[in-house]
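The values are calculated or read from the model by the stated rules, or taken from the named source; none is laboratory data. Every value quoted in this text rests on a predicted model; they were computed, and no experiment measured them. Neighbour counts are summed over all protein chains in view; Cβ atoms, including those assigned to glycine, are modelled from backbone coordinates with ideal geometry.
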Amino acid sequence: MSPRGWAMLTLAGLGIAVVVAALVLIPWQRPPAPRADQLAALRELPADQVERARQFRAALRPGGWTALGVGLLVALALGLTPLGSRLIELVGRPFGDHWIAQAIGGGLAVVLVADLVTLPFAAWRHAVLTRYGLATNGWSGWAVDLLKSYAVSAVIGAVALLGFYTVVRLAPRWWWAFGAAGAATLVALLSFVLPVLVEPVFNRFSPMPPGPLRTELMELAARDSVPVRDVLVADASRRTRAVNAYVSGLGPTRRIVVYDNLLREATPAEVTAVVAHELGHARDRDVPVGTLTGALGAAAAVVALYLIGSWPPLLRLAGVDSVAQPRAFGLLLALVTVAGLIFTPVQALMSRRIEARADAHALALTRDPEAFESMQRRLAGINLADPDPPRWEYLYSASHPSTVERIAAARAYARKAPA
Ligand SMILES: [Zn+2]
């Protein structure tokens, strides 16, 4: 069988594996909270809070969707016309057209162009966040964070580009197989290593001082059989008013991280509700499960890129001979961008199911639906979440159940739970 035949077989196998993993590991059965409960919850929220959240979301919407559209157009312009390959040649020229210069310099230049074009929309977003009091870091803080995230992406991107095009040179007929394995490994590595390496670039962490809340959280984790080493406080208030908490690390390094904003704004019972939700993620192994499906998806994506990328009309449009050339990186980026837009709603759906399970876990663990509900109200108030967002937006991109869904779930639990 030819490499192409093997690639089709591999893609079919990976596709089946992704579907089976998603069917088995994602909690699909849980019925959503009754819509009547959701509407009752919506009516009870303060009208001015709902109005302000909707104004805020409406202010973000035009920039957000335009950025998505412009990003797509630029990716298509760089990938489906010779523009991308010319840019990469241009970057490689001072280095004697060396393939490493084309691969790393050219690849990063293409990504940078795509980023710079959407930069005005990112700035607009920051202006809206500032106007509504959600961003607290000012323009210089925003710019520093932006440069930091560019730097992190550039380092990871350079390693990935060099690795990928080295494999292509070493195995010109079978690169897709090694590339698929490499992409899966990279996803796994980033998922476990990135939080540990990147968190300290953006935040400083300090141990939560001993006290009733710390004791309560450590006990909660022990009761849940999710041993944690420590409870840390992140100084997120330097940049945002948003409140959050998460559990990161594995085994002996596992820790609970709580934003300082959360401690300032919420009651201890509400903080406990948030942490119980995060412990649910740890307990149900949501990060490893997400990593597994992500790794399988990344591997499938590489094989699909190989197969789609050898279609002659696409190569002609991009002005390249093969999708495996460094000069064809724009074409790869265009295909990845389109795939990303198509799979966003699928990922959002899976994420919402997993988040709903973590909510159910938090309710069962704390048996405190009142604190859970008041936390949801508070979260929505601080983060200016639309408690019941437009259906199409929710279906396309919402990573969490809506506020009214989460409140309705708490009420359904309270009705069923023994007093
Ligand atoms: Zn969650």
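I need every pair where a residue in the stretch 338-361 that is under 24 Å from residue 282 (Cα atoms) and small (Gly, Ala, Ser) has its Cβ under 6 Å from the Cβ of a residue that is within 13 Å of the ligand (Cβ to nearest atom) and in a helix (DSSP H, G or I), sequence separation at least 6 or different chains. Partner pairs satisfying both residue conditions: 358/277; 358/280; 358/281.
Looking only at the stretch 57-99, which residues are touching a Leu at 6+ places or on another chain (Cβ under 9 Å) and assigned to a loop (DSSP other than H, G, I, E, B)? Once the filter is applied, which keeps residues that are touching a Leu at 6+ places or on another chain (Cβ under 9 Å) and assigned to a loop (DSSP other than H, G, I, E, B), the stretch 57-99 yields 80, 81, 82. Considering (1) at pLDDT below 95; (2) part of a helix (DSSP H, G or I); (3) closer than 22 Å to residue 275 by Cβ, the lone condition that residue 339 does not fulfil carries the number (3).
Only one of the numbered conditions (1) more than 16 Å from the ligand (Cβ to nearest atom); (2) closer than 30 Å to residue 139 by Cα; (3) assigned to a loop (DSSP other than H, G, I, E, B) is violated by residue 210, and that is (2). Within the stretch 32-46, residues that are surrounded by fewer than 19 Cβ atoms within 10 Å (Cβ to Cβ) reach partners that are part of a loop (DSSP other than H, G, I, E, B) with beta carbons closer than 9 Å, at six or more positions or on different chains, in the pairs 32/401; 39/388; 42/387; 42/388. Among the residues of the stretch 355-365, is any under 30 Å from residue 170 (Cα atoms), basic (Lys, Arg) and part of a helix (DSSP H, G or I)? There is no residue in the stretch 355-365 that is under 30 Å from residue 170 (Cα atoms), basic (Lys, Arg) and part of a helix (DSSP H, G or I). Selection of the stretch 1-28 for residues being over 28 Å from the mean Cα position of the chain (by Cα) and surrounded by fewer than 18 Cβ atoms within 10 Å (Cβ to Cβ) yields 1, 2, 3, 4, 5, 6, 8, 9. Among the residues making up the stretch 378-411, those that are in contact with a Ser or Thr (Cβ under 8 Å, 6 or more places away or on another chain) and farther than 21 Å from residue 281 by Cα are 385, 386, 387, 388, 389, 394, 396. Going by what's in this entry, would residue 54 be described as at pLDDT 95 or above and either under 30 Å from residue 299 (Cβ atoms) or in a helix (DSSP H, G or I) (or both)? Yes: the conditions hold for residue 54. Filtered by the rule that a residue be of a type in the set (A, V, I, L, M) and surrounded by fewer than 18 Cβ atoms within 10 Å (Cβ to Cβ), the stretch 249-286 gives 250, 263, 269. Could you check, for the stretch 362-369, whether at least one of its residues is of a type in the set (D, E, K, R) and away from the ligand (no atom under 16 Å from the Cβ)? Among the residues of the stretch 362-369, at least one is of a type in the set (D, E, K, R) and away from the ligand (no atom under 16 Å from the Cβ), which makes the answer yes.
Residue check: is residue 265 closer than 30 Å to residue 138 by Cβ and acidic (Asp, Glu)?
It is true that residue 265 is closer than 30 Å to residue 138 by Cβ and acidic (Asp, Glu).
Screening the candidates 59, 75 for the property of being in contact with a helix residue (DSSP H, G or I) (Cβ under 7 Å, 6 or more places away or on another chain), farther than 30 Å from residue 322 by Cα and in contact (Cβ under 8 Å) with a residue 40 or more places away in the chain yields one hit, 59. Filtered by the rule that a residue be free of Cβ contacts under 8 Å to residues at least 40 places away in the same chain and aromatic (Phe, Trp, Tyr), the stretch 288-333 gives a lone residue, 311. Exactly one residue out of 335, 315, 363 is buried (at least 17 other Cβ atoms within 10 Å of the Cβ) and under 22 Å from the mean Cα position of the chain (by Cα), and it is 335. Condition (residue is within 26 Å of residue 348 (Cα to Cα) and surrounded by fewer than 17 Cβ atoms within 10 Å (Cβ to Cβ)) applied to the stretch 301-308: is it met by at least one residue? Yes - at least one qualifying residue is present in the stretch 301-308.
Would you say residue 239 is surrounded by fewer than 16 Cβ atoms within 10 Å (Cβ to Cβ) and over 30 Å from residue 11 (Cα atoms)? So that I can check it myself, show each step before the final result.
Numbers: surrounded by fewer than 16 Cβ atoms within 10 Å (Cβ to Cβ): no; over 30 Å from residue 11 (Cα atoms): yes.
It is false that residue 239 is surrounded by fewer than 16 Cβ atoms within 10 Å (Cβ to Cβ) and over 30 Å from residue 11 (Cα atoms).
If you go through the stretch 254-295 and keep only what is within 15 Å of the ligand (Cβ to nearest atom), on the phi < 0 side of the Ramachandran plot and assigned to a loop (DSSP other than H, G, I, E, B), you end up with just 284.
When you check residue 322 against the structure, is it surrounded by fewer than 18 Cβ atoms within 10 Å (Cβ to Cβ), away from the ligand (no atom under 16 Å from the Cβ) and not in a helix (DSSP H, G or I), yes or no? When the stated conditions are applied, residue 322 passes them. The set of residues from the stretch 328-355 being within 16 Å of the ligand (Cβ to nearest atom) and in contact with a helix residue (DSSP H, G or I) (Cβ under 7 Å, 6 or more places away or on another chain) comprises 348, 350, 354. When residue 285 is tested against the conditions (1) under 14 Å from residue 226 (Cα atoms); (2) within 21 Å of the chain's Cα centre (by Cα); (3) in contact (Cβ under 8 Å) with a residue 24 or more places away in the chain, the lone failure is (3).
Taking the stretch 370-402 as the range and being assigned to a helix (DSSP H, G or I), within 15 Å of the ligand (Cβ to nearest atom) and surrounded by fewer than 20 Cβ atoms within 10 Å (Cβ to Cβ) as the test, only 383 passes. Within the stretch 235-253, being modelled with pLDDT of 85 or more and within 16 Å of the ligand (Cβ to nearest atom) holds for 243, 244, 245, 246, 247.
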